[in-house]
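Notes to accompany the following structure.
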Amino acid sequence: MKEVIEYIVKSLVEDEDAVEIFVEETDKGETVVHVKVAEGDMGRVIGKSGKVASSIRTIAKSISGRDKKKVFVKFGE
């Protein structure tokens with residue numbers, strides 16, 4: 001899943017080298033994916049009214065549905 005999110009985010013931004021993705025497993029069995037991008041690219045990743053970010057979250061949830069795990073995607077933290 002990390003690779004898919006990384007591919008999508010790198011396709012959206014201008015500074016691909018600044019993209020950092022960290023996957024964290026919580027003690028509740030949930031997965032949190034932290035996405036960091038350059039400050040100037042944050043608007044591209046979030047999108048107008050958060051539509052791009054919402055789409056990325058939907059893709060992540062559909063991928064994780066196979067494993068029956070909860071996935072959360074957080075941007076810019």
Do the alpha carbons of any pairs in LYS48/LYS69; LYS51/LYS74; LYS36/LYS68; LYS2/LYS68; LYS48/LYS68 sit beyond 24 Å of each other, and which pairs?
LYS48/LYS69; LYS36/LYS68; LYS48/LYS68
Any idea what the relative contact order of the chain is, in percent, if you count C-alpha pairs under 8 Å spaced at least 6 apart?
33 percent
Once phi is turned into θ = phi - 60°, what whole-Hz ³J(HN,Hα) does the Karplus curve with 6.51, -1.76 and 1.60 give for every residue of segment 30-35, x standing for Gly and Pro?
9, 10, 10, 9, 9, 10
Using alpha-carbon coordinates, inclination of helix 2-12 to the longest axis of the chain, degrees:
20 degrees
Segment 43-57 - phi-based ³J(HN,Hα) in whole Hz, Karplus 6.51/-1.76/1.60, Gly and Pro as x
x, 5, 6, 7, x, 5, 6, x, 5, 5, 4, 5, 5, 4, 4
As a test, work out the antiparallel percent of DSSP beta bridges whose residues both lie in segment 2-75, rounded to the nearest 5.
55 percent
Residues with amide H under 5 Å from that of VAL73, placed H, sequence gap 5 or more:
VAL33
Using the eigenvalues of the Cα gyration tensor, what equivalent ellipsoid semi-axes result for the chain when each is taken as the square root of five times the eigenvalue, whole Å, largest first?
21, 13, 11
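Laboratory data are not the source of any read-out in this text; all were calculated from the coordinates shown. A quick note: this is a predicted structure, and the numbers were derived from the prediction, not measured.
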